[in-house]
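Notes to accompany the following structure.
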Amino acid sequence: MAIIGIDLGTTNSLVSYWTEDGAKIIPNSLGENLTPSVVSIDENGEVLVGKIAKERQITHPELTASVFKRNMGTKKIYKLGEKEFLPEELSALIIKSLKEDAEHYLGTTVNEAVISVPAYFSDAQRKATKRAGEMVGLKVERLISEPTAAALAYGLHLKDEDTKILVFDLGGGTFDVSILELFDNVMEVRAVAGDNYLGGEDFTQVLVSLFLKHHNLSVKDLDKKEYSMLRKQAEIAKREFNNNKVVTITSKINGSDLSLDVDIEEYEKATKHLLARLREPVERALKDASLKIGDIKHIILVGGATKSTLIRSFVSKLFGRLAYVNINPDEVVALGAGVQGALKGKNAQIDEVILTDVCPYTLGTSVSVRRAQGYYEPGHFFPIIERNTIIPVSRVERLCTTYDNQSSINVDILQGEARLSKDNIYLGEINVPVPPKPAGEEAIDVRFTYDVNGILEVEVTVVSTGLKKRTIIENEPNHMSKEEIASCIEKLAHLKIHPRDQQENKLLIARGERLYEENTGEIRKQIGEILREFEDVLDKQDPRLIQKTRELVKQTFDSIDIKGEF
Ligand code: ADP
Ligand code: MG
């Protein structure tokens, strides 16, 4: 039985485990460390996860889902053909695939996982992530913030010095900045800030927009397939900027081959607004931690998008120095989750570290305030746990009645930074009866408790009667009953997952289908023939012949797929 660390990314997911030599990434059935966070359903109703699903995003967009982490914790429904999924169910399928990769690799069952989440994830998003793991039979006692995981991976917790670290994590769709402090073998997250709607994909989108604008097209002029193909070409071009000053984006639209050359200056100009948005959370995190850039000892780069030279030079300019990139930014979070797994298992090497984290948003309630004219005006936010308070934390505030003979008090549970309650996010409420008395004579104690997994509990006690009411935030947008969870588990258990020993064949066919659509004329015909022959070979079920043919087909596809895969 083993415990694994999972980085459940918006774009890519990874799994790691702890060895005597530290945490190691476990490759998937295709031998790759990164599993794209994409899910697809094939014609037999079987589930495909990862790279195969990513290929099918182009050929079968209506049967494929991606970037669903952005809607984690909501009830948004993804329709894949006949089947419907919640974001957490799609995530569960990714986790299931990672779990199987780990079991296959380690030769043992895996029953427990540490899963990372963006530091800025809300309570509902965290709970949904935890459920996703549990739906596929994993015990998920610990969620870890991605930046905290990154610092663990760098082993910074093993250093004696007192240090302040800034983690700059730019993934596909989220941006997190965290400031951590290390002292006396304790690691504390001092501040987090971020943008849940900013990531490497936005940079790809800039290139898509430049292309469309140049050809006087709008997104509406493209069908789903054309759009997916264009995005893919833009993604390739974006990476080419790391080594080239000019890149070419080519895509087929409405039957004609269109292309655009973009030079680096133009790209820099077009992404200026995105770079500006990167600056703001950095400044906010520093301010919340009462620190200046100069106080930061180490800067750690995390997330695939920090592999871009544009981002790296932006970071060096912003901080006036180079950042840590000794560990592959793609893998650092997953490795840290693996370290945390070992930490949980009380591994001798690192068990002296006490890990703390912070609450990413301010949590509070709504109160009435007395205006100069003497009346009480309701709807003012009253913070109870301030953002960036170290967790676990439990805070209590006493509130009293505001009018004579008031018979009950309603405690709203809110999350956010705005002055007025209506501008913050409503999480739930608790209503308690109080004995009717003159205004101000009855009071309640409102206790907010935020645990290490970022889960909030609220307890209200009526001071005079001792009556207590506890959370279970009834109106939590994402609340799921036991029955609902059971039915998700049931549904996932009945889904047929494509067998892992056939993944390579399936990938080759998915790739061939994509190439078929991307090409025309003779090449297209040739691809069609190769696919047919390969399918015939598969039908014969002779493993040696299959392997030989697979190699040949792969070589041919490599020569056609000039820009390669990634
Ligand atoms: P997430 O944490 O959201 O799953 P990742 O950390 O895997 O995301 O980062 C994915 C992003 O990184 C994508 O937007 C991708 O385009 C970008 N990316 C990956 N490699 C490179 C590269 N070499 N140059 C520029 N961007 C890259
Ligand atoms: Mg990530």
Inset, instruction - Could you tell me whether any residue of segment 476-496 is buried (at least 17 other Cβ atoms within 10 Å of the Cβ), touching a helix residue (DSSP H, G or I) at 6+ places or on another chain (Cβ under 8 Å), part of a helix (DSSP H, G or I) and not hydrophobic (A, V, I, L, M, F, W, C)? - result: no
Legend entry - Failed item in (1) within 18 Å of PHE203 (Cβ to Cβ); (2) open to solvent by 40 Å² or more (accessible area, probe 1.4 Å); (3) within 15 Å of ligand 1 (Cβ to nearest atom), with LYS317 passing the rest: (3)
Inset, instruction - Could you pull out the residue among ILE299, ILE327, ILE293, ILE311 that is farther than 23 Å from VAL117 by Cα and either hydrophobic (A, V, I, L, M, F, W, C) or open to solvent by less than 70 Å² (accessible area, probe 1.4 Å) (or both)? - result: ILE293
Inset, instruction - Look through ASP202, ASP223, ASP195 and report the one residue that is within 16 Å of ligand 2 (Cβ to nearest atom) and at pLDDT below 90. - result: ASP195
Legend entry - Sole residue being assigned to a helix (DSSP H, G or I), over 23 Å from LEU166 (Cα atoms) and modelled with pLDDT of 85 or more, chosen from ALA342, ALA337: ALA342
Inset, instruction - Could you list, in sequence order, all residues of segment 196-235 that are buried (at least 19 other Cβ atoms within 10 Å of the Cβ), closer than 30 Å to VAL358 by Cα and either hydroxyl-bearing (Ser, Thr, Tyr) or in contact with a Phe, Trp or Tyr (Cβ under 9 Å, 6 or more places away or on another chain) (or both)? - result: LEU198, GLY199, PHE203
Legend entry - Residue identified as in the same structural domain as GLY173 (by TED's automatic domain parsing), away from ligand 2 (no atom under 16 Å from the Cβ), of a type in the set (A, V, I, L, M) and closer than 30 Å to SER209 by Cα among LEU318, LEU286: LEU318
Legend entry - Subset of segment 182-195 [in contact (Cβ under 8 Å) with a residue 40 or more places away in the chain and crowded, with 22+ Cβ neighbours inside 10 Å]: VAL189, ALA191, VAL192, ALA193, GLY194
Legend entry - Selection status of VAL246, more than 14 Å from ligand 1 (Cβ to nearest atom), β-branched (Val, Ile, Thr) and outside the structural domain of SER13 (by TED's automatic domain parsing): yes
Inset, instruction - Answer with yes or no whether VAL302 is in the same structural domain as GLY22 (by TED's automatic domain parsing), modelled with pLDDT under 95 and more than 30 Å from LYS213 (Cβ to Cβ). - result: no
Inset, instruction - Go through the residues of segment 67-83 one by one and say whether even a single one is touching a residue at least 24 places away in the same chain (Cβ under 8 Å), within 16 Å of ligand 1 (Cβ to nearest atom) and surrounded by fewer than 22 Cβ atoms within 10 Å (Cβ to Cβ). - result: yes
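Listed here are the residues, each with its yes/no results for (1) at pLDDT 85 or above; (2) assigned by TED's automatic domain parsing to the domain that holds THR306; (3) touching a helix residue (DSSP H, G or I) at 6+ places or on another chain (Cβ under 7 Å).
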position	(1), (2), (3)
ALA113	yes, yes, yes
TYR120	no, yes, no
LYS130	yes, yes, no
VAL136	yes, yes, yes
ARG142	no, yes, yes
ALA153	yes, yes, yes
LYS159	no, yes, no
GLY172	yes, yes, yes
VAL189	no, yes, yes
Inset, instruction - Answer yes or no as to whether LEU8 is closer than 22 Å to GLY303 by Cα, surrounded by 17 or more Cβ atoms within 10 Å (Cβ to Cβ) and either away from ligand 1 (no atom under 16 Å from the Cβ) or not basic (Lys, Arg) (or both). - result: yes
Legend entry - Count of segment 503-523 residues which are at pLDDT 85 or above and surrounded by 15 or more Cβ atoms within 10 Å (Cβ to Cβ): 14
Inset, instruction - Please verify whether segment 65-76 includes one or more residues that are modelled with pLDDT under 95, touching a Gly at 6+ places or on another chain (Cβ under 8 Å) and closer than 20 Å to ASP223 by Cβ. - result: yes
Inset, instruction - State whether the residues of segment 369-387 include one that is assigned by TED's automatic domain parsing to the domain that holds THR449, at pLDDT 80 or above and under 26 Å from VAL302 (Cα atoms). - result: yes
Legend entry - Restricting segment 114-124 to residues that are within 16 Å of ligand 2 (Cβ to nearest atom) and within 19 Å of LEU170 (Cα to Cα), the residue that is most open to solvent (accessible area, probe 1.4 Å): TYR120
Inset, instruction - Test LYS272 against the stated conditions and say whether it is open to solvent by 70 Å² or more (accessible area, probe 1.4 Å), under 29 Å from the mean Cα position of the chain (by Cα) and either more than 16 Å from ligand 1 (Cβ to nearest atom) or in the same structural domain as ASP330 (by TED's automatic domain parsing) (or both). - result: yes
Legend entry - Residue list for segment 285-298, restricted to those being under 30 Å from ARG239 (Cα atoms) and over 21 Å from the mean Cα position of the chain (by Cα): ILE293, ILE296, LYS297, HIS298
Inset, instruction - Taking only segment 363-412 into account, find how many residues are of a type in the set (Lys, Arg), within 25 Å of LEU456 (Cα to Cα) and surrounded by fewer than 16 Cβ atoms within 10 Å (Cβ to Cβ). - result: 1
Inset, instruction - Give me a count of the residues in segment 254-266 that are more than 20 Å from VAL219 (Cβ to Cβ) and in contact (Cβ under 8 Å) with a residue 12 or more places away in the chain. - result: 4
Inset, instruction - Of the conditions (1) surrounded by 14 or more Cβ atoms within 10 Å (Cβ to Cβ); (2) farther than 30 Å from ILE390 by Cβ, ASP261 clears all except one; give me its number. - result: (1)
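The values are calculated or read from the model by the stated rules, or taken from the named source; none is laboratory data. As the structure is a prediction and not an experimental result, all values here were calculated from the model. Methodologically, a virtual Cβ is constructed for each residue, glycine included, from the backbone with ideal geometry; neighbour enumeration extends over all protein chains shown. For the accessible areas, the whole protein counts, side chains as well, though only heavy atoms, and no ligand, DNA or RNA atoms are used. Shrake-Rupley method; radii C 1.70, N 1.55, O 1.52, S 1.80 Å.
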